[in-house]
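Since the structure comes first, as C-alpha cells, the remarks are kept for the end.
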Ligand code: HEC
Ligand code: HEC
Ligand code: HEC
Ligand code: HEC
C-alpha cells in the first residue's frame, strides 16, 4: 500500500533516441541473426559438435564456471519469467529467453500450456547459452584473431568486433511491447544518454570486467547495495542517487522498482515513495504513466512524514502479487534512523 507519493524524483520519460542510433542497433542485431523477438535463432555448431555449453566447457572451463552463476544461464529456469509467460503465452518471450531453434523445439507448442516448474535438462535449461552469443554458421565469433599452435584442437573462428558493441547487448535488452511503440526495456537508450553525458563504460566493461562472464545485475544483493547511495540531509530528508550504474536504476524488467519506507516502531514500515516505471493501457494504447527511476547523477529527494524513527529502501523484482505468492522476496538495500 502506497501511503502517499511524496517523491520529488522527476526522471522524465525514456531518453530520446535518434532513428540513426537505433538503425545501428538493428544493423548489428540483424547481422548476428537476432530478430527482435520475431523468430528463433538458427545456428550450426562448430566441428559438427553440440550446441551445449558443456561442449565449450571441455576447453573453456573457467568461462563456463562464471557463466553457470549468471541470470543468462537461468533465463528460462526462473519463476518470475515462467509466471509471466504463463499469463501471456507469447512466442516472442520464448525467442528472447530461449533463442535457439533447438531450445524452441524443447519448449513445444505454447497454446494451452502452463509452465509451473523450471525444466532441468536439455539446452532449454541453459537459457542464454554460449552458442546464442558466439556460434554462427559452424564458426565461433571472437573479438580478436587467435592462432594457437597447429597441434591444439580448436574450432573455426570469425572475428566480429560487434561483440564488444553495446548494440550487441541491445539486441535483447532494448525492445518494445508487442503492438505498441512503448519500450518494455530501454537499457540501451538509457546507456546512450549516460554515455553522451560523459559517463564512462560500456555494457561489456561494467558487466564483463576483464572479459569475465559474470553479468552481475540486480540479483547480486551486494552490487545492489553498492549501487545506491542515500544521504540524509540536516533537515532529515533522504537524497537517493545511483552509483556507477550506466543506465536508469532500477531498469530492465518492467516490474522492477524500489520502495522508500518509514516506520515509527521496529516493524510497521509503510511506503512513502515508489521509484520505477508505472505502465497504463493495453496493446496499442500501452503507455508510461510515470517514470521515477533514478537517472545517473541526478539526485532524488524524498520527503518523509513526521514522527517516524526509521527508514529503509527495498528493491522489488516483481509486483506485490508475486511477493505475496512467495515467488520472490524484496530485498532491503539501504536503511537508517531518523533523529
Ligand atoms: C577442443 C577445444 C575447444 C572447444 C570444444 C571450444 N573451444 Fe573455443 N577455443 C579453443 C582454443 C584452443 C582457442 C584459442 C586459444 C584461446 O584463446 O583459448 C579458442 C578460442 C575461443 C574464443 C576466442 C578467445 C579469445 O581469447 O579471444 C572464443 C570466444 C571461444 N573459443 C569460444 C568457444 C565456444 C563458445 C565454444 C563452444 C561452442 C568453444 N569455444 C569450444 C578451443 C576450444
Ligand atoms: C550474453 C552473451 C555471451 C554469452 C552467453 C557468452 N559469451 Fe563469451 N563473450 C561475450 C562477449 C561480449 C565477449 C567479449 C568480451 C570483451 O571483449 O569485452 C566474450 C568473450 C569470450 C571469450 C574470450 C574472452 C576470454 O575470457 O578470454 C571466450 C573464450 C568466451 N567468450 C567463451 C564463452 C563460453 C565458453 C561461453 C559459455 C559458457 C560464453 N562465452 C558465453 C558474450 C557472451
Ligand atoms: C557504468 C557501469 C554500467 C554500464 C555502462 C552498464 N551497466 Fe548494467 N548495471 C550496472 C550496475 C551497477 C547494475 C546493478 C544495479 C541495477 O540493477 O541497476 C546494472 C544492472 C543491469 C541489469 C539488471 C537490471 C535489472 O534489474 O533487470 C541489466 C539487464 C543490465 N545492467 C544491462 C546492461 C546493458 C545491456 C548495458 C549496455 C546498454 C549496461 N547494463 C550498461 C552497471 C552498468
Ligand atoms: C539473446 C538475448 C540476450 C543477449 C544477446 C544478452 N542478454 Fe543479457 N539477459 C537476457 C535474458 C533473457 C536475461 C535474463 C532475465 C531474467 O532474469 O529473466 C538477461 C540477463 C542479464 C543480466 C542480469 C540481469 C539481472 O536481473 O541481474 C545482465 C547484467 C545482462 N543480461 C547483461 C547483458 C550484457 C552486458 C549483454 C551483452 C554483452 C547481454 N546481456 C546480452 C538476454 C540477453
### Query
What percent do you get for the relative contact order of the chain when only Cα pairs under 8 Å and 6+ apart count?
20
### Query
Listing 129, 251, 233 from the residue with the fewest other Cβ atoms within 10 Å to the one with the most, what is the order?
233, 251, 129
### Query
Hey, what number do you get for the chain at 222 nm if only DSSP H runs of n ≥ 4 count, each worth -39500 (n - 2.57), divided across all residues, to the nearest 500?
-6500 deg cm²/dmol
### Query
Can you give the translational diffusion coefficient of segment 177-223 in µm²/s, computed by Stokes-Einstein from the Kirkwood radius over Cα pairs at 25 °C and 0.890 mPa s?
194
### Task
Name the shape class, rounded, prolate or oblate, that the alpha-carbon gyration tensor gives for segment 235-282, where a ≥ b ≥ c are the square roots of its eigenvalues, rounded holds for a/c under 1.5, and otherwise prolate holds if a/b is larger than b/c and oblate otherwise.
oblate
#### Entry: Sorted largest first, extent of segment 299-339 alpha carbons per principal axis (Å)
36, 23, 16
### Task
Would you please classify the overall shape of segment 182-289 from the alpha carbon gyration tensor, given that a ≥ b ≥ c denote the square roots of the eigenvalues, rounded means a/c under 1.5, and beyond that prolate means a/b larger than b/c while oblate covers the rest?
oblate
### Task
Find the eigenvalues of the gyration tensor of the Cα atoms of segment 33-159, then list the square roots of 5 times those eigenvalues as equivalent ellipsoid semi-axes, largest first, in whole angstrom.
29, 15, 11
### Query
Given C-alpha coordinates of the chain, what is the ratio Rg to Rh with the Kirkwood estimate of Rh?
0.99
### Task
Express the relative contact order of segment 187-272 as a whole percentage, based on alpha carbon pairs under 8 Å and six or more residues apart in sequence.
24
### Task
Return the tail of the calculated pair distribution for segment 114-230, meaning the percent of Cα-Cα pairs more than 26 Å apart.
39
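Each value in this text was obtained by applying a stated rule to the coordinates, not by laboratory testing. The model shown is predicted, which means the values in this text are computed figures rather than measured ones. Please note: Cβ atoms are built from the backbone with ideal geometry, for glycine as well, and neighbour counts cover all protein chains shown.
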